[in-house]
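This report refers to the structure that appears directly beneath it.
Quick note: the coordinates plus some simple rules give every number you see, no bench work behind them. Here the structure is a predicted model, which means the values were calculated and not measured. Note that each Cβ is placed from the backbone with ideal geometry, even for glycine, and that neighbours are counted across all protein chains shown.
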Amino acid sequence: MQPVNSKMNRHLGGLSILITRPAEQAALFAETIEQAHGRPIRFPAMEILGPADKPFVKSALANLRNTDLLIFVSANAVRYAFPLMPDDIPLDLPIAAIGQATARALDEIGLTPTLIPDKNPDSEGLLNLPALQQVHHQRITIVRGNGGRETLKTTLQARGATVEYIEVYRRQRPQPNPANLIANWPKMVDVVTVTSGEILQNLQAILGPSGTELLKNTPMLVASQRIAKQAQQLGCQHIHIAQSALDQDMLETLCEIAATDSIA
């Protein structure tokens, strides 16, 4: 498993790229792949829905003046929270973003993140920042979707913080029929892209045993070391790691895969 840093000529040479992101997030990535002479195959392995109780979420977000640190765990957390957020967010409220994609989503709505991991775009990367080492008696609000990893909350609590979740969106596994994809896998899929551990779990469940065997032997591009380890545990044989889940970082690594004939 090797991360990629080099700048490449962005040409995919006709590679077929399986995009497993939620449908609403796949459009720009698919367009980016097409512009680089690739063939995007959309197969969402996750659906994103708004909160079941919007008034409750809006009420919770109205109390941001009572928090010492606001953490957004994903770009989706930003997008679904923004319409429900109050207009009077304290200007000096520290805001943390799990990674560059989340930070960019915050910039787009006029909020400037003050804490962003330099390397690993995940909970561990954020927790390694010096500003989060001493959080005793701090009140921290984590904006996220339903479920997910507990690492961030439990670690901050162990360091003495009071931590509250505001769940602004719901994730669920879609129920597509994978028969056509599995039957035509050799023709349709040269590289699989995966941007979260939950998407990988869902993809495995959707494909079933026969499809998972195909998945294991197909080059896979993931967005972090943590997802790479999960893919390795699944039995995937050809794992590539992008610098982040941002479209351009994913594309850069896809182009290196194409240039090195990694799919042969």
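Which FRET efficiency value, to the nearest 0.05, is calculated for residue 133 and residue 35 with the Förster distance at 35 angstrom and r the Cβ-Cβ distance? With R0 = 35 Å, the Cβ-Cβ based efficiency is 0.25.
Computed from the Cβ-Cβ distance with R0 of 45 Å, the FRET efficiency linking residue 63 to residue 183 stands at 0.30. Classify the range 49-171: rounded, prolate or oblate, from the alpha-carbon gyration tensor (a ≥ b ≥ c, eigenvalue square roots; a/c under 1.5 rounded; otherwise prolate if a/b is larger than b/c)? Rounded, because the longest to shortest axis ratio a/c is under 1.5.
Over all other residues within a Cβ to Cβ distance under 10 Å of residue 79, the charged ones net out to -2, with Lys and Arg as +1 and Asp and Glu as -1. Spacing of the modelled spin labels on residue 118 and residue 213, each 7 Å from Cα toward Cβ, amounts to 4.7 nm. Whole-Hz Karplus values for the range 142-147 come out as 10, 9, 7, x, 5, x Hz, taken residue by residue from phi with 6.51 cos²θ - 1.76 cosθ + 1.60 and θ = phi - 60°; glycine and proline positions read x.
In order along the range 174-182, the Karplus-derived 3J(HN,Hα) couplings, from 6.51 cos²θ - 1.76 cosθ + 1.60 at θ = phi - 60°, round to x, 10, x, 8, x, 4, 5, 4, 5 Hz, and Gly and Pro are given as x.
Would you work out if the chain is rounded, prolate or oblate? Take a ≥ b ≥ c from the square roots of the eigenvalues of the alpha-carbon gyration tensor; rounded if a/c is under 1.5, else prolate when a/b is larger than b/c, oblate otherwise. Prolate, because a/c is 1.5 or more and a/b exceeds b/c.
Between beta-carbons, use under 12 Å as the cut-off and find the net charge around residue 29, counting Lys and Arg +1, Asp and Glu -1. So the environment of residue 29 carries a net charge of -3.
Rounded, prolate or oblate: pick one for the range 138-232, where a ≥ b ≥ c are the square roots of the eigenvalues of its C-alpha gyration tensor, a/c under 1.5 means rounded, and failing that, prolate if a/b is larger than b/c, else oblate.
prolate
Residue by residue, the range 236-243 carries 3J(HN,Hα) couplings of 5, 9, 10, 10, 10, 10, 7, 5 Hz when phi is fed to the Karplus relation 6.51 cos²θ - 1.76 cosθ + 1.60 (θ = phi - 60°); x denotes Gly or Pro.
Multiplying the residue separation of residue 233 and residue 260 by 0.36 nm and removing their Cα-Cα distance gives an extension gain of 7.2 nm.
Note on the chain: with charges restricted to the Cβ of Lys and Arg (+1) and Asp and Glu (-1), its dipole about the Cα centre is near 460 debye. Beta bridges assigned by DSSP with both partners in the chain are antiparallel in approximately 10 percent of cases.
Calculated [222 nm] ellipticity per residue, helices only, for the chain: -11000 deg cm²/dmol; basis is -39500 (n - 2.57) per DSSP H run with n ≥ 4, divided by all residues, nearest 500. Distance from the alpha carbon centroid of the range 126-166 to that of the range 51-83 works out to 15 angstrom. Normalised by the number of residues in the chain, the average gap of Cα pairs under 8 Å and 6 or more apart makes the relative contact order 23 percent. Residues whose amide H lies under 5 Å from that of residue 71, counting only those 5 or more places away or on a different chain, are 96, 141, 142, 143; hydrogens are built 1.01 Å from N in the peptide plane. Residues whose amide H comes within less than 5 Å of that of residue 41, counting only those at least five positions distant or on another chain, are 17, 18, 19 (H built at 1.01 Å from N in the peptide plane). Beta bridges assigned by DSSP with both partners in the range 49-171 are antiparallel in approximately 5 percent of cases.
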